[in-house]
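Asker: I am attaching a structure below and will ask some questions about it afterwards.
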Amino acid sequence: MNLTAALSVPVDLAAQYLLGTYLHANDVTLRLTETEAYGGVGEDPASHAHRGQTARNAAMFSAPGTLYVYFSYGMHWCANVVCDQEGRASAVLLRAGEIVDGLAIAIDRTPTQLSNSRLASGPARLCRVLGIQGDLNGVSVLEPRGPVRVMTPGAGWPASPGAVSRGPRVGVSGAADRPWRFWLADSMAISSYRAGKRRSESFPENASRSARSTALSREKPE
């Protein structure tokens, strides 16, 4: 299987196929150890694309392999890889990785007391160590000389089903129990799990549409 084929499948499969691949940007390379799947229009209430295309999520409607980068909580960047079919708007959140090259650069970008194995343990930390920001939204990770690229390691990929663990997604309220977070069971470079509140618990019955929209836009992204 090549990478193009691995991304041209339903999102929950693509999220598993990305585990163990190498992600390179701005002189740092890491091995992806944790991903999270998000469905397309009308399929997944936790997805940015659930209600259709907007200026913000337009990259999600592009071809498989497109990078969807967005700003979350007004503080940090998160990156997703589009999969399935063009126009479907499914995407895989890149949640965590272990650095395999450029460690000194990654440390300089991350003023923290975290151990080296935890430098990219979380979608915001992953983007920080790789230097991924909004200017990379819409690029393809399939271009051999692209600014952000995913590469297959050869032997041992895709990861065998027994090497992959799965569970509910982190911090979402819509479809909170859907087991679409995947990680390499033997890796220490995994983010912490935080359950999300269900929307019925988050909003009173008389909450205004604007209040709901504001809160949903601040949720943990796909």
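Asker: Are any residues in segment 170-190 modelled with pLDDT of 95 or more, in a loop (DSSP other than H, G, I, E, B) and crowded, with 20+ Cβ neighbours inside 10 Å, and if so, which ones?
Answerer: If the condition is that a residue be modelled with pLDDT of 95 or more, in a loop (DSSP other than H, G, I, E, B) and crowded, with 20+ Cβ neighbours inside 10 Å, then W180 is the only one that fits.
Asker: Follow-up question, since we're still on this one. Could you say whether any residue in segment 146-154 is without any contact (Cβ under 8 Å) to a residue 12 or more places away in the chain, touching a Ser or Thr at 6+ places or on another chain (Cβ under 9 Å) and not in a strand (DSSP E or B)?
Answerer: Our first condition is that a residue be without any contact (Cβ under 8 Å) to a residue 12 or more places away in the chain; within segment 146-154, this holds for 146, 154.
Filter once more, keeping what is touching a Ser or Thr at 6+ places or on another chain (Cβ under 9 Å): 146.
Filter again for not in a strand (DSSP E or B), leaving 146.
Within segment 146-154, one or more residues are without any contact (Cβ under 8 Å) to a residue 12 or more places away in the chain, touching a Ser or Thr at 6+ places or on another chain (Cβ under 9 Å) and not in a strand (DSSP E or B).
Asker: I'd like the full set of residues that are closer than 30 Å to L103 by Cα and of a type in the set (G, A, S), limited to segment 1-22.
Answerer: Once the filter is applied, which keeps residues that are closer than 30 Å to L103 by Cα and of a type in the set (G, A, S), segment 1-22 yields A6, A14, A15, G20.
Asker: State which residue pairs qualify: first residue of a type in the set (F, W, Y) and inside segment 1-21, second residue buried (at least 20 other Cβ atoms within 10 Å of the Cβ) and part of a helix (DSSP H, G or I) in any location, beta carbons under 8 Å apart, and separation of 6 or more residues or different chains.
Answerer: Listed by first residue and then by second, the contacts come to Y17/A6; Y17/L7.
Asker: For segment 123-136, which positions are in a loop (DSSP other than H, G, I, E, B) and either under 13 Å from the mean Cα position of the chain (by Cα) or aromatic (F, W, Y) (or both)? Step through it out loud before you land on a result.
Answerer: Going through segment 123-136, the residues in a loop (DSSP other than H, G, I, E, B) turn out to be 131-133.
Result: I132, single match.
Asker: Looking only at segment 51-74, decide whether some residue is assigned to a loop (DSSP other than H, G, I, E, B), open to solvent by 30 Å² or more (accessible area, probe 1.4 Å), within 20 Å of R31 (Cβ to Cβ) and not hydrophobic (A, V, I, L, M, F, W, C).
Answerer: Checked against the condition, which is being assigned to a loop (DSSP other than H, G, I, E, B), open to solvent by 30 Å² or more (accessible area, probe 1.4 Å), within 20 Å of R31 (Cβ to Cβ) and not hydrophobic (A, V, I, L, M, F, W, C), segment 51-74 yields no hits at all.
Asker: Further, regarding this structure: Select from segment 85-100 the residues that are out of contact with any Leu (no Cβ under 8 Å at 6 or more places or on another chain) and open to solvent by 60 Å² or more (accessible area, probe 1.4 Å) and write down the one among them that is farthest from T152 (Cα to Cα).
Answerer: Step one: list which residues in segment 85-100 are out of contact with any Leu (no Cβ under 8 Å at 6 or more places or on another chain), which gives 85-91, 93.
Next cut, open to solvent by 60 Å² or more (accessible area, probe 1.4 Å) only: 85-86, 88.
Working: Q85: 20, E86: 22, R88: 24 Å.
This residue is R88.
Asker: Free of Cβ contacts under 8 Å to residues at least 60 places away in the same chain, closer than 24 Å to A185 by Cα and of a type in the set (S, T, N, Q): does that describe S115? Write out each step before concluding.
Answerer: Values: free of Cβ contacts under 8 Å to residues at least 60 places away in the same chain: yes; closer than 24 Å to A185 by Cα: yes; of a type in the set (S, T, N, Q): yes.
Yes: the conditions hold for S115.
Asker: May I ask you to list the residues in segment 75-84 that are open to solvent by 40 Å² or more (accessible area, probe 1.4 Å) and not aliphatic (A, V, I, L, M)? Full working, then the answer.
Answerer: Taking segment 75-84 and keeping what is open to solvent by 40 Å² or more (accessible area, probe 1.4 Å), we get 75-77.
Within segment 75-84, H76, W77 meet the criteria.
Quick grid of which residues meet (1) of a type outside the set (F, W, Y); (2) closer than 22 Å to S191 by Cβ; (3) touching a helix residue (DSSP H, G or I) at 6+ places or on another chain (Cβ under 7 Å):
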residue	(1), (2), (3)
D135	yes, no, no
E143	yes, no, no
P147	yes, no, yes
T152	yes, no, yes
P158	yes, yes, yes
P168	yes, yes, no
V172	yes, yes, no
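Asker: So, in segment 129-158, exactly how many residues are in contact with a Phe, Trp or Tyr (Cβ under 8 Å, 6 or more places away or on another chain) and aliphatic (A, V, I, L, M)?
Answerer: Going through segment 129-158 one residue at a time, the tally reaches 3.
Asker: Determine which member of the set R31, R51 is farther than 16 Å from V141 by Cβ and of a type in the set (D, E, K, R).
Answerer: Values: R31 fails: farther than 16 Å from V141 by Cβ.
Criteria check complete, one pass: R51.
Asker: A follow-up question, please. If you take the residues in segment 101-122 that are among the small types (G, A, S) and part of a helix (DSSP H, G or I), which one is least open to solvent (accessible area, probe 1.4 Å)?
Answerer: A106
Asker: Scan segment 23-39 and report the pairs whose first residue is closer than 15 Å to L103 by Cα and open to solvent by 10 Å² or more (accessible area, probe 1.4 Å) and whose second residue is among the hydroxyl-bearing types (S, T, Y) and assigned to a strand (DSSP E or B), with Cβ atoms within less than 8 Å and a gap of 6+ or a chain change.
Answerer: Correct list of pairs: T29/Y22; R31/Y22.
The values are calculated or read from the model by the stated rules, or taken from the named source; none is laboratory data. Just so we're clear, the structure is a prediction, and the values are computed from it rather than from any experiment. Note that each Cβ is placed from the backbone with ideal geometry, even for glycine, and that neighbours are counted across all protein chains shown. With ligands, DNA and RNA removed, areas are computed over all heavy atoms of the protein, side chains included. Shrake-Rupley method; radii C 1.70, N 1.55, O 1.52, S 1.80 Å.
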